[in-house]
Amino acid sequence: MIYIRKVSVIGSGYVGLVAGTCLADFGLNVICVDNDEYKIEGLKKGILPIYEPGLDNLVKRNMHYKRLHFTTDIKKAVEESEVIFIAVGTPPKDDGSADLKYVLKVAEDIAKYMNGYKVIVDKSTVPIGTGQKVKKVVTDILKERVVDYKFDVVSNPEFLREGSAIHDFTHPDRVVIGSDTKKAASIMKDVYRVLYLNETPFVETNIETAEMIKYASNAFLAMKITYINEVANLCEKVGANVQHVAKAMGRDGRISPKFLHAGPGYGGSCFPKDTRALANIAREYGETISLIEETVKANERQKFKMVEKIRSAIGSLEGKTLGILGITFKPKTDDMRESPSLVILTELAKLGAKMKIFDPEAKKESEWRLEHIKDCIEFCEDEYEANINTDALVIITEWHQFRNMDLDRLKETMKDNYFFDLRNIYEKEIVEEKGFKYFGVGV
Ligand code: NAD
């Protein structure tokens, strides 16, 4: 007989909301919890706190079929569920280590309200050893309550990418389940039954290994991006073309073409914090992952190199106006967390530039993230308005609509003709034929 597990997800942010919604779409009954009342009130009305393609329809559909519920009442969610995912944030502290206060607070709450056997699943990205910390917090509170409920802790890291989160969750390359008991691992397979039946590879291991897999994977990808960025910088000096280098490298099955796109540096809510956290964990244990220490530094340098690229081409930026296209950390998201644009725009403003910005989804978030340079920026309605009377156009994030712009129209309305393509989405020759001075990254 198929046993349908009752699931709740604590933390309805990017990961929690996507995971909860997709699990509901797998046919499970899911309660999504958040302590942000405003967020939950919105979700109950079908208003999403984030922009993620396809997610609004999936939320509405599963709410309609009463498989997906939203609440701020963690007690009720814990009592009614057998499997409880923790999907709260693990932001970086000043020293780069991951702040576990949200995860451990949720662990406390779960222990306070437990009324029987529970599988507590860590989906947040957490330092190695966190599963054991969660176990201790829960054990201590159950002792205080003088109750003897059994529970298991599982590490089930998430690998979804913002912008393709639904596809990634429903078609993962692998599902990692770190557990100390066969019982918990088998319950997790019930939860992911749809994927299991579809022959998605499952990696079953212990909790510490599962926690390590997530950091090792993210840090590797960040390192790969940084590697091609540094190769790109060298390409510029030696007259090579990084696009061709990356294409040829990517054809090598041992390398693969993914994450070999030169640009202004990685950003987002994961790579910057996870690389710093991994370096920090290694230091704590008296080890050094020097490649990742360097990756972190090189990624910072890359953002400043982009500013220098613009400054050295144009000369003084005092009184110059730049049309900035794309400021989210990548396309198809409204997320600006650690976006390279934050450093680039701040530095350009310091150099005296005025900026006309267009991004299809970032207007709201940019209002507070760019508050410190508000006198230097203006948000525009589209890519063309953002380039009226500008000295230069700067593509920072490669939204699809920037890939096929009417270059004649842009040229006509711009004051000068600098074209900075920090994502290499245009061919230099074509842009130059239209009368622009083209600058890519490593081309
Ligand atoms: P987020 O900030 O978007 O969401 C976290 C949510 O948790 C917020 O809505 C917050 O209000 C809620 N929350 C905090 N404390 C709570 C509590 N005590 N009770 C209930 N809700 C609470 O974060 P995110 O981007 O979803 O990331 C969550 C975790 O997943 C992080 O560890 C992150 O590294 C990891 N992760 C993120 C991604 C991604 O692309 N965003 C991908 C893979 C893994």
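The values are calculated or read from the model by the stated rules, or taken from the named source; none is laboratory data. It should be emphasised that the depicted structure is a prediction, and the values quoted were computed from it without experimental measurement. Neighbour counts are summed over all protein chains in view; Cβ atoms, including those assigned to glycine, are modelled from backbone coordinates with ideal geometry. Surface areas here come from the heavy atoms of the whole protein model, side chains and all, with no ligands, DNA or RNA. Shrake-Rupley method; radii C 1.70, N 1.55, O 1.52, S 1.80 Å.
Against the condition open to solvent by 10 Å² or more (accessible area, probe 1.4 Å), in the same structural domain as Val119 (by TED's automatic domain parsing) and within 12 Å of the ligand (Cβ to nearest atom), how does Glu41 come out, does it pass? No: the conditions fail for Glu41.
State which residue is most open to solvent (accessible area, probe 1.4 Å) when the search covers only the stretch 343-352 and only residues that are more than 17 Å from Lys330 (Cβ to Cβ) and assigned to a helix (DSSP H, G or I). Among those residues, the one meeting the criterion is Lys350.
The single condition from (1) assigned to a helix (DSSP H, G or I); (2) under 16 Å from Val119 (Cβ atoms); (3) more than 10 Å from the ligand (Cβ to nearest atom) that Leu58 fails is (2). Evaluate the following for Asn115: is it assigned to a loop (DSSP other than H, G, I, E, B), modelled with pLDDT of 95 or more and within 10 Å of the ligand (Cβ to nearest atom)? In short, no.
Scanning the stretch 24-38 for residues that are of a type in the set (S, T, N, Q) and within 13 Å of the ligand (Cβ to nearest atom) turns up just one, Asn35. Considering only residues of the stretch 44-72 that are among the aromatic types (Phe, Trp, Tyr) and more than 22 Å from Ala362 (Cα to Cα), which is least open to solvent (accessible area, probe 1.4 Å)? Per the criteria, the residue is Phe70.
With a requirement of 2 or more residues that are open to solvent by less than 20 Å² (accessible area, probe 1.4 Å), the helices (runs of 4 or more DSSP H) lying completely within the stretch 353-443 that satisfy it span 407-413.
Identify all residues within the stretch 1-27 that are crowded, with 23+ Cβ neighbours inside 10 Å and over 21 Å from the mean Cα position of the chain (by Cα); write none if there are none. Scanning the stretch 1-27 gives Val7, Ser8, Ala24. Kindly list, by first and then second residue, each pair from a residue in the stretch 1-23 that is more than 17 Å from Tyr65 (Cβ to Cβ) and within 15 Å of the ligand (Cβ to nearest atom) to a residue that is of a type in the set (Phe, Trp, Tyr) and open to solvent by 30 Å² or more (accessible area, probe 1.4 Å), limited to pairs with Cβ atoms under 9 Å and residues at least 6 apart or on different chains. Short answer, once both residue conditions are applied: Gly11/Tyr102.
Inclusion of Gly323 among residues that are buried (at least 24 other Cβ atoms within 10 Å of the Cβ), modelled with pLDDT of 95 or more and not in a helix (DSSP H, G or I) is warranted. Residues in the stretch 243-275 that are within 12 Å of the ligand (Cβ to nearest atom) and farther than 14 Å from Ile225 by Cβ: Ser269, Lys273.
Residues checked against (1) in contact with a Leu (Cβ under 7 Å, 6 or more places away or on another chain); (2) farther than 24 Å from Leu317 by Cα; (3) not hydroxyl-bearing (Ser, Thr, Tyr):
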{"site": "Ala392", "(1), (2), (3)": "yes, no, yes"}
{"site": "Trp399", "(1), (2), (3)": "no, yes, yes"}
{"site": "Arg403", "(1), (2), (3)": "no, yes, yes"}
{"site": "Asp406", "(1), (2), (3)": "no, yes, yes"}
{"site": "Leu410", "(1), (2), (3)": "yes, no, yes"}
{"site": "Lys415", "(1), (2), (3)": "no, no, yes"}
{"site": "Ile425", "(1), (2), (3)": "no, yes, yes"}
{"site": "Glu429", "(1), (2), (3)": "no, yes, yes"}
{"site": "Glu432", "(1), (2), (3)": "no, no, yes"}
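The set of residues in the stretch 151-187 being among the aromatic types (Phe, Trp, Tyr) and either assigned to a helix (DSSP H, G or I) or closer than 12 Å to Ile207 by Cα (or both) consists of Phe169 alone. Residue pairs whose Cβ atoms lie under 6 Å apart, separated by 6 or more positions or on different chains, with the first residue in the stretch 80-103 and part of a loop (DSSP other than H, G, I, E, B) and near the ligand (Cβ under 10 Å from one of its atoms) and the second modelled with pLDDT of 95 or more and acidic (Asp, Glu), are Pro91/Asp99.
Checked against the criteria, Ile141 counts as farther than 25 Å from Thr275 by Cα, open to solvent by 20 Å² or more (accessible area, probe 1.4 Å) and assigned to a helix (DSSP H, G or I).
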